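**Student:** The structure is given below, and queries will be raised subsequently.
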Amino acid sequence: PSFFLSFFLLLLPHHSILTHAQETCQSSTIDIVLCLDGSGSMGSHYPEVQTFANLFVDKFTLSPTDTQIAVLRFESSVTDGTNGFSSTKSTINAAINVPLPGGTTNTHKCIDQGKALFASSGRAGAAQLLVILTDGRPSNQNAAASSADSAIAAGIVLLGVGANVGSYGRDSVLAMTSNQCKGQNTVGCSDGLKNPPQCVTPCDDHYVDATTFADLPNIIDAVVDVACVDPGCQYTMGPWSECDAQDPP
């Protein structure tokens, strides 16, 4: 019986037998900016946000030729905890694990600073990903949406992670992400993507929601699935999608 069980498992798709701990990103050459909401509304739940951010970092291979990460914490102002991009795990963890500063939610400032970092010290040919981890609506929604549009136009992919945002905050965070449906073209390629059916990722997929802060660990694999991309899978006029490696844009 053990022989037949082993044979059956070998026939299963690889992803169906992976454990939680094995869900890691094998893509290389990714520059990631982590925008962590450090506003006062995070309160006592901030340690859960920090735990999630550290788990996210653990999913990537950190090195000067693989993934490098910059940690920006935003509230009334923005703090660059890693002093630019870093591939040193201890430096990244230390930047994540600082106490909650408190303040307002100036998300647009973090997006703008992240965009500037990519322009000044991002690696040529690297995929560019900015991850916003927040608990709700920015203090200035119009400025945040404008900054997000500007970053996307510059070739940066924006991924939003919401924690306890509720129905009101969800749309606000979604408005700062790549690959939005925007009420149209919900079947096949979304606005900005091309060559159907290769662009198989549904629109609005660059926002991942945790109902409560305690649920953040449960969405880590869903976040990594979106964040882990091949550098060649980026579209000239829009965000990247999970695409066929043999059908580049």
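The values are calculated or read from the model by the stated rules, or taken from the named source; none is laboratory data. As the structure is a computational prediction, the values presented were derived from the model and not from experiment. Please note: Cβ atoms are built from the backbone with ideal geometry, for glycine as well, and neighbour counts cover all protein chains shown. Heavy atoms of the whole protein, side chains included, go into the accessibility calculation; ligands, DNA and RNA do not. Shrake-Rupley method; radii C 1.70, N 1.55, O 1.52, S 1.80 Å.
**Student:** Suppose accessible area is computed on protein heavy atoms with a 1.4 Å probe; arrange Val131, Val78 from highest to lowest.
**Tutor:** Val78, Val131
**Student:** Sticking with this one: Mean projection of the alpha-carbon convex hull of region 28-85 over all orientations, in nm²?
**Tutor:** Seen from a random direction, the Cα hull of region 28-85 projects 4.0 nm² on average.
**Student:** Place the peptides 123-129, 68-74, 83-89 in order of packing, highest mean first, counting for every residue the other Cβ atoms within 10 Å and averaging per peptide.
**Tutor:** 68-74, 123-129, 83-89
**Student:** Using a 1.4 Å probe and counting only protein heavy atoms, arrange Ser150, Ser167, Ser41 so the residue with the most accessible area comes first.
**Tutor:** Largest accessible area first, the list is Ser167, Ser41, Ser150.
**Student:** How much accessible surface area, in Å² rounded to 10, belongs to the heavy atoms of Asp37 with a 1.4 Å probe?
**Tutor:** The accessible area of Asp37 comes to roughly 0 Å².
**Student:** Suppose each label sits 7 Å from its Cα in the direction of the beta carbon; what would the Ser76-Thr91 distance come out to in nanometres?
**Tutor:** 2.9
**Student:** Also, quick follow-up: Give the separation of the Cα centroids, region 25-103 to region 111-176, in Å.
**Tutor:** 14
**Student:** Something else about it: Using a/c under 1.5 as the rounded threshold, could you call region 26-173 rounded, prolate or oblate? The axes a ≥ b ≥ c are square roots of the C-alpha gyration tensor eigenvalues, and prolate needs a/b larger than b/c, oblate otherwise.
**Tutor:** It comes out oblate by the Cα gyration axes.
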